[in-house]
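Below is one structure, written out as structure tokens; comments come after it.
The values are calculated or read from the model by the stated rules, or taken from the named source; none is laboratory data. Please read these numbers as outputs of a predicted model, since none were measured by experiment. Glycine gets a Cβ as well: all are built from the backbone with ideal geometry, and neighbour counts include every protein chain shown.
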Amino acid sequence: MSLSLGAWPRNTSNFISEWILPIGYFCLLTGLTWLDDRSQYHKLFYALMAAPALIAIVMQPKQIALQLSEPVTLLFLAFSAWALISISWSGTEDSFASLAKRPLYIFMLFTACMLMTQRNCSRLLLVLSLASLAIIPIAAYGLVDFATHYTPGARLVGSGALDNPLLSSHVFGLFCVIWLGWVMTSSSRYYCFALIPLAVLSVTLLATGSRTPLVAAALAAAWLMLCCWNKRALLLACAGACGLIILLLAFPESLLNRGTSYRLEIWQLALEQIRLQPWTGHGFDAHLAINVPGIHYSFSEPHSFFLGVLYYTGVIGALCWALMHGAALWTCWRRRSDLYFIIAGALVVYGLGAGLTEGGGILPRPKEHWFLTWIPLALVAALSIGRKQEHAL
């Protein structure tokens, strides 16, 4: 009887890791495309990932040691700690408790992914594969609906809670890079089967009319070519060059007519505000209003993740941010003999590329920006922990 009572925490934690967290991870990856609104997306994450991961880690606190053995996780905790310290001078109207929940949610994402790999990585990778398959009919449906109701100048948004073409491109872009990674890394017998999903997602990405994901996808492709230098890498380079030429010839207005969309002006004005407090930043959740001459409204983001990190947390926070991504990429590069690290690295590079001209808020609640930063980083950290455990066993 005492033995069964002693095993109860471990069995409960295992049940959460093997059944509840995979369902939550699948919902996190695909939920924005089939849920009605974002509040439902948040509630699903809290109910199926954040709360269960917290319960599991409380029941088996020794698992925390695995988390703290991973440099990416440690650097995330350092960045979060500095962001929370900066609240003391940010002048935010939100309470400390309210803002402290945000890094906790992200840490629970890291924890959930780690728990799914506590025996081996197969469960986490299976969910990632199922989500990548599920997104294909969703993207195809969005394309058919977009083509059916197309009007000049329209841009694809997508289904479910997606409501902005640029933000939608973050979701579809992540899966597009995953399928591109499978095309580049799978055996010669099977890689052709990944070409159709890759084509569907590539067209979906183009239909959003956003240029940011095209630059990010090109950078991710460069990472894949560097890691998999072979005939497919040369074919990918040629295909990318031909695709760019075709786009410039067939749809020049989609790439050139919108200019820089005020990005240069926004960045210049953001840098002027960053110079006022360069080292410590203005503080987490500080007010930001960028007024571009000729525009009758203010921008609340600098349209660059790195500039956002500089504005809110200064050079100190930006150093943690850069080291966190650098550690993730170094981990993937060292383990590039494992195809999943190659793909995970491509996702990190894609997020960095998209973040060059998009976003600016730090430590947000679950939303599309997680697909650029926190989902790829949590994947790298979990894969690294899982492979270490497999090697130890």
Taking the range 343-372 and the residues there that are of a type in the set (Val, Ile, Thr) and at pLDDT 95 or above, the one that is nearest to Lys43 (Cα to Cα) would be Val348
I need a count of the residues in the range 84-109 that are touching a Leu at 6+ places or on another chain (Cβ under 8 Å) and assigned to a helix (DSSP H, G or I). 11
Please verify whether Ile106 is within 26 Å of Val171 (Cα to Cα) and crowded, with 21+ Cβ neighbours inside 10 Å, treating the condition exactly as stated. yes
Just the residues that are among the charged types (D, E, K, R) and closer than 21 Å to Trp179 by Cα, please, taken from the range 117-165. Arg123
For the range 170-183, check the following and say yes or no: at least one residue is modelled with pLDDT of 90 or more, more than 19 Å from Asp36 (Cβ to Cβ) and out of contact with any helix residue (DSSP H, G or I) (no Cβ under 7 Å at 6 or more places or on another chain). no
So the check is Cβ under 7 Å with 6+ separation or different chains; which pairs have a first residue in the range 29-49 that's surrounded by 15 or more Cβ atoms within 10 Å (Cβ to Cβ) and a second one that's among the hydrophobic types (A, V, I, L, M, F, W, C) and not in a helix (DSSP H, G or I)? Leu32/Ala161; Leu32/Leu162; Thr33/Leu162; Leu35/Ala161; Arg38/Ala161; Tyr41/Leu35; Tyr41/Ala161
All but one of (1) within 20 Å of Leu130 (Cα to Cα); (2) part of a helix (DSSP H, G or I) hold for Leu35, so report the exception by its number. (2)
May I ask you to verify whether Arg275 is of a type in the set (Lys, Arg), farther than 28 Å from Pro213 by Cβ and at pLDDT 75 or above? yes
Please verify whether Gly181 is buried (at least 20 other Cβ atoms within 10 Å of the Cβ), within 20 Å of the chain's Cα centre (by Cα) and closer than 23 Å to Arg336 by Cβ, treating the condition exactly as stated. yes
What pairs can you find where one residue is in the range 207-219 and in contact (Cβ under 8 Å) with a residue 24 or more places away in the chain, the other is crowded, with 18+ Cβ neighbours inside 10 Å and among the acidic types (Asp, Glu), and their Cβ atoms are less than 6 Å apart, with a gap of 6+ or different chains? Thr212/Glu358
Output the qualifying pairs, or none if there are none: Cβ atoms under 9 angstrom, residues six or more apart or on different chains, first residue in the range 174-203 and within 20 Å of Trp223 (Cβ to Cβ), second residue aromatic (Phe, Trp, Tyr) and outside any helix (DSSP H, G or I). Trp182/Tyr190
